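See structure below.
The values are calculated or read from the model by the stated rules, or taken from the named source; none is laboratory data. Keep in mind that what you see is a predicted model, and the values were worked out from it rather than measured. Cβ coordinates were reconstructed from backbone atoms using ideal geometry, including for glycine residues, and neighbour counts include every protein chain displayed.
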Amino acid sequence: MVKKLFHPRLSAAIALLVYGSWAGFTNRDYNLVVILKAFFTQGLFAFIATLLLGTAAQNLFRRNGADYKALFISFGVCFVIICCVPSNLQWLIGTPHIFYSVLPGLIWGSLYIGILLALHHKESRI
């Protein structure tokens, strides 16, 4: 059951709705255009990042030896992407509350990648 919840496609769809809604909500003091831009920017990034980063993290893990060192390298690379890309996208479109818009994605995205890699590491040892 837990493994199904961490499937990249299901997780990506949930990420789009949750993180897009949060970004729109944090910019609710502004007009509808700002709210929708924040929603779609963060939501679509969350969708694509969840889908691609989950796969990339697993591939990086395998390529680096499928050990603890590989786990930390894979997590580190994904963490840098999770930090930099959405912040820069929100900055480019002029989102007023960038930090608050990307914070949940940073927290939960990091946890998602960490858990996904831990499950993958556990499977590789069996």
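Checking the conditions here, which among 38, 49 is touching a Gly at 6+ places or on another chain (Cβ under 6 Å) and in contact (Cβ under 8 Å) with a residue 60 or more places away in the chain?
38
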Exercise. Which number in (1) surrounded by 13 or more Cβ atoms within 10 Å (Cβ to Cβ); (2) out of contact with any Gly (no Cβ under 6 Å at 6 or more places or on another chain); (3) at pLDDT 85 or above; (4) within 16 Å of residue 117 (Cα to Cα) marks the one condition that residue 69 misses?
Worked result: (1)
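Any idea which of 50, 41 is modelled with pLDDT under 85 and either part of a helix (DSSP H, G or I) or not β-branched (Val, Ile, Thr) (or both)?
Sole residue among the options that is modelled with pLDDT under 85 and either part of a helix (DSSP H, G or I) or not β-branched (Val, Ile, Thr) (or both): 50.
Looking for whichever is more than 16 Å from residue 116 (Cα to Cα) and either among the basic types (Lys, Arg) or surrounded by fewer than 15 Cβ atoms within 10 Å (Cβ to Cβ) (or both) here; the options are 27, 31. Which one fits? Please lay out each step first, then the result.
Numbers: 27 fails: either among the basic types (Lys, Arg) or surrounded by fewer than 15 Cβ atoms within 10 Å (Cβ to Cβ) (or both).
Checking each option against the conditions leaves just 31.
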Exercise. If only one of 27, 64, 59 is in contact with a Lys or Arg (Cβ under 9 Å, 6 or more places away or on another chain) and not hydrophobic (A, V, I, L, M, F, W, C), which one is it?
Worked result: 27
Problem set entry | Counted residues, region 64-93 - those being without any contact (Cβ under 8 Å) to a residue 40 or more places away in the chain, of a type in the set (Gly, Ala, Ser) and in a loop (DSSP other than H, G, I, E, B) | 1
Seminar exercise, completed: Of the listed residues (32, 10, 36, 89), the one being within 17 Å of the chain's Cα centre (by Cα), modelled with pLDDT of 85 or more and of a type outside the set (S, T, N, Q) is 89
